[in-house]
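Novice: Take a look at this one; I'll ask things after.
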Amino acid sequence: MEEEQTKTEGIKESASDLVDHVTDFIETYYQYIAINVAQKSVNLASGAINFVVLVFLCLLVVSFIGFGLAWWLGTVIDSRAGGFFIVAAFYLIIMVAIIVMRKKLIFPFLRNLITRKIYE
């Protein structure tokens, strides 16, 4: 009879230890997921900030190049307004090309870029 009681107590202790280990495992796994999500969020936010800064700088560069080109073309054709209209037409052609290619090239590129950033 005492053997059965010690066996039962041993099983109860083993079960208690198992429950403690499972609880520790679940807590550790939860903390791992929380850290992983936080790291991905930080990476995504830093990538977005980097993207915004680069877009702003590229916009400034393109603007100054456009102003310089328009001014130079205006001097060449003796019509400052004509130079600005030529550069505006060039930008319009680029804009139309981007609109035409957006579904085949631009959207897949952006989708793949965002997906890659999320799973890094």
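Novice: Give me the pairs, please: first residue somewhere in the range 72-98 and more than 15 Å from V62 (Cα to Cα), second residue anywhere and outside any helix (DSSP H, G or I), beta-carbon distance under 7 Å, and either six or more positions apart or on two chains.
Specialist: What qualifies is G83/I77.
Novice: Here's a follow-up. In the set S46, S41, S63, S14, which member is over 41 Å from the mean Cα position of the chain (by Cα), small (G, A, S) and in a helix (DSSP H, G or I)?
Specialist: S14
Novice: Now for a different question. Residues that are farther than 24 Å from A45 by Cα and part of a loop (DSSP other than H, G, I, E, B): does the range 78-87 have at least one? It would help to see each step written out before you state the result.
Specialist: Initial filter on the range 78-87 (farther than 24 Å from A45 by Cα): 78-87.
Imposing the further condition that a residue be part of a loop (DSSP other than H, G, I, E, B) reduces the set to 78-79.
Yes: one or more hits.
Novice: Being within 22 Å of T115 (Cβ to Cβ) and of a type in the set (S, T, N, Q) is the filter here, so list the residues in the range 5-50 that pass it.
Specialist: N36, Q39, S41, N43, S46, N50, listed by residue number.
Novice: Okay, moving on. Condition test on L57, is it surrounded by 10 or more Cβ atoms within 10 Å (Cβ to Cβ), modelled with pLDDT of 90 or more and not β-branched (V, I, T)? Write out each step before concluding.
Specialist: On the way: surrounded by 10 or more Cβ atoms within 10 Å (Cβ to Cβ): yes; modelled with pLDDT of 90 or more: yes; not β-branched (V, I, T): yes.
Yes.
The values are calculated or read from the model by the stated rules, or taken from the named source; none is laboratory data. Here the structure is a predicted model, which is why all the values come from computation and not from measurement. Note: ideal-geometry Cβ built from the backbone for every residue, glycine included; neighbour counts use all protein chains shown.
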